[in-house]
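The values are calculated or read from the model by the stated rules, or taken from the named source; none is laboratory data. Model, not experiment: these values are computed from the prediction. Positions of Cβ are backbone-derived with ideal geometry, glycine not excepted, and every protein chain shown enters the neighbour counts. For accessibility, only protein heavy atoms count, side chains too; no ligands or nucleic acids. Shrake-Rupley method; radii C 1.70, N 1.55, O 1.52, S 1.80 Å.
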Amino acid sequence: MREIDITRGIIESHVASLQRAVESDVVIVGAGPSGLVAGGYLAEKGYNITILEKRLSPGGGIWGGGMGYKYVIIQHEATKILDDFDIPYESYDKGLVCVDAITFASGLIFQATKKGVNIFNLTMCEDLLVREGRVVGVVINNSLAEINHLPVDPLTLEARAVVDATGHEHDVVRTFSRKNDVELNTPTGKPLGERSMFAQTAEAAVVENTAEVYPGLFVCGMSTAAVYGGYRMGPIFGGMLLSGEKLAGLLVNACTPFSQ
Ligand code: 48F
């Protein structure tokens, strides 16, 4: 065994993964809970799903639990999604369950990839491809270039739909709205900005506002709050899971896979 055999194995496998991503059915930006759930359900149905994650570790805001205490809370009505992703939980009280944040994050990541989702870490979406009033893909770059402000030109992926699952940052919609004279599907045509904490209202709104915000561009999870002016909710995650599930349903109705 030579070192270059290791190198060749990595290069060939990575390039094959990238080739698969170049014409994705759906590109989801952000590997937090909502993006992972949406991606998992869609991949299970035969969609070619790419998730881009700018950090080293997928999992988004799950890992830190609540203020570093390592459990998160989920409403009972979302436990079916935990079951679908084979994630254990403990009943707590008042219709809530507790989930170990580390089991939750690693379980979602593992099950999403097992269902066929192609996740690229250290890869960020820095812009969108837009043609004739429709989002048709993403402009991507290595996160390390961005972090170090290096002048590295990006590559592109095409997709039938792109999802902003970037959480509080709503990075994709924010950049899209800033760079282009576009009218989003919001009351002002622009992102409305996130409001202070109000867990119960916030949880319902995240699901309600999971939607197509511009032709070909969808939002799910916490980015819906930033785009549609919802409240934040802290370390309760049922809304994120239900938002991901709803998004998968919307996308099944909106687009058929390239392969069909
Ligand atoms: O924030 P995040 O976990 O998104 P989410 O699915 O879940 C929100 C909760 O974690 C939490 C909450 C719970 O109730 O309020 O905040 O809405 O994950 C978003 C991921 O997107 C990545 C970011 O690193 C994070 O892992 N991300 C953000 N911008 C980009 C990106 C970008 N431009 N390109 C690639 N990844």
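Once you have a ≥ b ≥ c as the square roots of the Cα gyration tensor eigenvalues for the chain, tell me rounded if a/c is under 1.5, and otherwise prolate or oblate according to whether a/b is larger than b/c. Working shown, then result.
Numbers: a/c = 1.58, a/b = 1.16, b/c = 1.36.
Here the chain falls in the oblate category.
Here LYS179 is the anchor, and the aspartates and glutamates within straight C-alpha reach of less than 20 Å, apart from those fewer than 8 places off in the same chain, are GLU126, ASP127, GLU132, GLU146, ASP153, GLU158, ASP164, GLU169, ASP171, GLU212.
Separation of segment 1-54 and segment 175-199, taken as the distance between their Cα centroids, equals 29 angstrom. The count of lysine pairs in segment 7-115 whose Cα atoms are under 27 Å apart, excluding pairs fewer than 8 places apart on the same chain, comes to 14.
Loop by DSSP (not H, G, I, E, B), at most 14 other beta-carbon atoms within 10 Å: where is the longest site-free stretch of the chain for chymotrypsin sites (Phe, Trp or Tyr not before Pro)? Counting only loop sites that pass the neighbour cut-off, the longest clear stretch is 93-197. Each Lys and Arg Cβ is given +1 and each Asp and Glu Cβ -1; about its Cα centre, the chain then shows a dipole of about 140 debye.
What length, rounded to one decimal in nm, is gained on full extension from VAL139 through to LEU56, with 0.36 nm per residue of separation minus their alpha-carbon distance? Working shown, then result.
On the way: separation 83, 0.36 × 83 = 29.88 nm, distance 1.89 nm.
Roughly 28.0 nm would be gained on extension.
To the nearest 10, the accessible area of LEU144 is 80 Å² with a 1.4 Å probe. Once the Cβ-Cβ distance of LYS94 and GLU208 is raised to the sixth power relative to R0 = 25 Å, the FRET efficiency obtained is 0.65.
Does segment 70-124 come out rounded, prolate or oblate by the C-alpha gyration tensor, with a ≥ b ≥ c the root eigenvalues, rounded set by a/c under 1.5 and, if not, prolate when a/b is larger than b/c and oblate if not?
Working: a/c = 2.84, a/b = 1.98, b/c = 1.44.
It is prolate, given that a/c is not under 1.5 and a/b is the larger ratio.
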